[in-house]
1. Kindly indicate the residue of region 191-201 that is in contact with a strand residue (DSSP E or B) (Cβ under 8 Å, 6 or more places away or on another chain) and surrounded by 18 or more Cβ atoms within 10 Å (Cβ to Cβ) and also modelled with the highest pLDDT among those meeting that condition.
2. Given the conditions (1) in a helix (DSSP H, G or I); (2) modelled with pLDDT of 90 or more, report the number of the one that V188 does not fulfil.
3. Can you name the residue in region 101-120 that is in a loop (DSSP other than H, G, I, E, B) and within 21 Å of E187 (Cβ to Cβ) and, of all such residues, is farthest from the chain's Cα centre (by Cα)?
4. Scan region 34-54 residue by residue and report those that are over 14 Å from E76 (Cβ atoms) and either free of Cβ contacts under 8 Å to residues at least 40 places away in the same chain or surrounded by fewer than 16 Cβ atoms within 10 Å (Cβ to Cβ) (or both).
5. Within region 54-63, can you find the residues that are more than 8 Å from the ligand (Cβ to nearest atom), out of contact with any Ser or Thr (no Cβ under 8 Å at 6 or more places or on another chain) and modelled with pLDDT of 90 or more?
6. Taking only pairs six or more apart or across chains, which ones have beta-carbon atoms under 6 Å, a first residue in region 5-20 that is closer than 10 Å to L84 by Cβ, and a second residue that is within 10 Å of the ligand (Cβ to nearest atom) and of a type in the set (G, A, S)?
7. How many residues does region 170-182 hold that are at pLDDT below 90 and outside any loop (DSSP other than H, G, I, E, B)?
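The values are calculated or read from the model by the stated rules, or taken from the named source; none is laboratory data. Not measured: the values here are computed from a predicted model. Every residue, glycine among them, receives a Cβ derived from its backbone with ideal geometry; neighbour counts consider all protein chains shown.
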Amino acid sequence: MDQHGAQQRIVVIEDEEAIADAVMQRLRGEGFDVEWAADGIVGVELCERVRPDLVVLDLMLPGLDGLEVCRRIQAERRTPVLMLTARDDESDLLVGLAVGADDYLTKPFSPRELVARVRAVLRRAEPQPAPADEAPLVVLDIEIDRATRRVARSSEPVHLTPIEFDLLVCLALRRGAVLSRDVLLAEVWGYDGDYGARTVDSHVRSVRRKLGDEVIRTVHAVGYAIGSA
Ligand code: CA
């Protein structure tokens, strides 16, 4: 259910039937309306037709691969995408985030983890109330406007995904503090379980790629920070 009590619709684009079945069964059990496409072209058409609230998208698909499917879905209308990947291949993941995926899950994954990710992505997609303190945050030459969710580096706009934006804000609001991966997972992704720290690491890399390596510090064996300790 969304915040107005309507049933939320999810499209699953996955060619492996056993995985698709397991995913759909679990999501239906959670109260979602779920539709399935076994290849990318049908998946894009299905999304145009049913306008889902979220897409669970396999990266490796016959015909049209998941990245191209994600691009086409996003070209039509902004749609939250949770990408499924067969391996933790960083270049694929970074490209996936760049073409508009909101998050990703590496196979094999537990149904519980899938549901947690789906709910976190959907929660993030809901319109957020503007923060009470709307003064832009400034880190080095980077300006973060929380009211408009825009980021600029040396006054040049930089596009961040919603999760990248929230990660940057979370660190910038507690400048100088070192936040562990568990804390970041809880605050940025809304997970309260024991989910992969690699998710945090690859999003940090993606933010650094866009805004410069110096923006986020790695504190060995502890976590990440913005600004000096
Ligand atoms: Ca596949």
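1. Looking at residues that are in contact with a strand residue (DSSP E or B) (Cβ under 8 Å, 6 or more places away or on another chain) and surrounded by 18 or more Cβ atoms within 10 Å (Cβ to Cβ), I get V200.
2. Evaluating V188 over (1) in a helix (DSSP H, G or I); (2) modelled with pLDDT of 90 or more leaves (2) as the failure.
3. Taking region 101-120 as the starting set, the residues that turn out to be in a loop (DSSP other than H, G, I, E, B) are 101-102, 107-110.
Those still in the list that are within 21 Å of E187 (Cβ to Cβ) too: 101-102.
Numbers: A101: 6, D102: 2 Å.
Ranking the candidates gives A101 first.
4. V34, E35, W36, A37, A38, D39, V42
5. Passing the criteria: V56, L57.
6. Note: pairs meeting the criteria are V12/A20; E14/A20.
7. Adding up the residues that qualify gives 1.
Residue-wise test of (1) assigned to a helix (DSSP H, G or I); (2) surrounded by 15 or more Cβ atoms within 10 Å (Cβ to Cβ).
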position: L122; (1), (2): yes, yes
position: P127; (1), (2): no, no
position: A147; (1), (2): no, no
position: V151; (1), (2): no, yes
position: P157; (1), (2): no, no
position: E164; (1), (2): yes, yes
position: L168; (1), (2): yes, yes
